[in-house]
Amino acid sequence: MIGILVSTYNGDKYIEEQLDSILNQSYKEYSVFIRDDGSSDNTVNILEKYCTNHDNFSFFIGQNIGYSKSFLELLSKVPQCDYYAFCDQDDFWESYKLEYFIEKVKIGINNPILYYSNYYICDNQLNVLSDGEINTSPSLNNIILQCPSNGMTMVINHKMREVVIDKIPDTTYGHDWWISLVAISLGEIVIDERQTVKWRRNDNSLTGKEYRGIPKQLLRLKKVFGGERFQKTQKQIVDFNRIYGESIDSDKMNILNLFTYDSDIKFKYLKKLMCKKKYSFRKLDEILFRFCIFFRLI
């Protein structure tokens, strides 16, 4: 049984299309658990309709705590399942998404497992703009500064759920990134390079032709430098070190120590800058991260 976890917040514009894509899955052994994060639009009425019409749908309303904490709270409260799939409110699942997952991961594995797939980047109408980009060779050094895929492609097994909810962090940049850090440090990651989800870019009016080349890279620059990315990333790393630092091997600990506030490590700035291991699976982002380290932004 797969538990599908959906966090909603003022999502009445697209949530029905997403829930319908779940109903159209070729693999049918699933239940849908929804947490609403304090919506003020028509989202709750829509959820009530789906939960009334489908016995395997249920939802509850929580306080507004943000999407990351909402997903982690939902993960901690749902009934036990074999697997747990994360689902964003405004994307679209291909009908074979869960079937592809079942093909990749066998029930009964005792190790903590994270699965993620590739995806399509789409406009508001789900017209494909480009293929997604995922980390196909994940390691702690190229996950610590960058999530390897998007959360809406991710599925974890029950063992991974137990590890994650045992010590829920105070601060995360995203539930998907946090779980990726846990998986690469204490479990196993299974990668599917096939696209299983259409990722709707609600803030993007670019055409498919424009979502390439320089415009695409400018969007990446905005994502890397926008908001409080590095401050939030730093807090996440410190929290991860606090919770799991004593449980990971020495090689991973060496990488983790480079990005904590440990003043005992001499020349930490230079060690980060000169580290031979890559910080990103994308060439441009690797340059950007080195640039940010050079100017001590992180």
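The values are calculated or read from the model by the stated rules, or taken from the named source; none is laboratory data. From a predicted model like this one, the values you see are computed outputs, not experimental measurements. Glycine gets a Cβ as well: all are built from the backbone with ideal geometry, and neighbour counts include every protein chain shown. For the accessible areas, the whole protein counts, side chains as well, though only heavy atoms, and no ligand, DNA or RNA atoms are used. Shrake-Rupley method; radii C 1.70, N 1.55, O 1.52, S 1.80 Å.
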Checklist entry - Using the per-residue mean of other Cβ atoms lying within 10 Å as a proxy for protection, in what order, highest first, do the peptides 173-184, 239-250, 155-166, 9-20 fall? => result 173-184, 155-166, 9-20, 239-250
Checklist entry - For Thr171 and Asp41, what does the FRET efficiency come to when R0 = 25 Å and r is the distance between their Cβ atoms, rounded to the nearest 0.05? => result 0.35
Checklist outcome for this item: Under a Gaussian network model of the chain whose springs join Cα atoms within less than 10 Å, the largest fluctuation of Ser185, Ser137, Ser70 belongs to Ser137
Item to check | Per residue, in Å², the accessible surface of the chain once ligands and nucleic acids are set aside, probe 1.4 Å | outcome: 47 Å²
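For the chain, compute Rg over Rh where Rg is the Cα radius of gyration and Rh is the Kirkwood radius from the inverse mean 1/r over Cα pairs. Could you put the intermediate results ahead of the total?
Working: Rg = 19.2 Å, Rh = 20.0 Å.
Over the Cα atoms of the chain, Rg/Rh equals 0.96.
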Checklist entry - Hey, rough spin-label estimate for Glu246 and Lys28, points 7 angstrom out along Cα→Cβ, what's it come to in nanometres? => result 5.0 nm
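Rank by packing, highest mean first: peptides 119-130, 30-41, with packing defined as the count of other Cβ atoms within 10 Å averaged across residues.
Numbers: 119-130: 16.5, 30-41: 19.0.
For the peptides 119-130, 30-41, the packing ranking is 30-41, 119-130.
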Checklist entry - Can you give me the relative contact order of the range 1-101 as a percent, contacts being Cα pairs under 8 Å and 6 or more apart? => result 47 percent
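How large is the helix-only mean residue ellipticity at 222 nm for the chain, computed as the sum of -39500 (n - 2.57) over DSSP H runs with n ≥ 4, divided by its residue count, in deg cm²/dmol to the nearest 500? Don't skip to the answer; put the middle values down first.
Details: 11 runs with 117 residues, N = 298.
Helix-only estimate at 222 nm: -12000 deg cm²/dmol.
Hey, can you rank 62-69, 251-258 by average C-beta count inside 10 Å, highest first?
Values: 62-69: 15.4, 251-258: 18.0.
In decreasing order of mean packing, 62-69, 251-258 become 251-258, 62-69.
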Item to check | Accessible-area composition of the chain, carbon plus sulfur, in percent [1.4 Å probe] | outcome: 50 percent
Checklist entry - What's the FRET efficiency of Tyr96 with Lys283 using the Cβ-Cβ distance as r and R₀ = 35 Å, to the nearest 0.05? => result 0.65
Checklist entry - What is the spin-label model distance, in nm, from His54 to Arg229 if the labels are put 7 Å beyond Cα along the C-beta direction? => result 3.5 nm
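For Leu297 and Ile61, calculate 0.36 nm times their separation in residues minus their Cα-Cα distance, and state this gained length in nm to one decimal.
Details: separation 236, 0.36 × 236 = 84.96 nm, distance 3.83 nm.
The span from Leu297 to Ile61 would gain 81.1 nm if fully extended.
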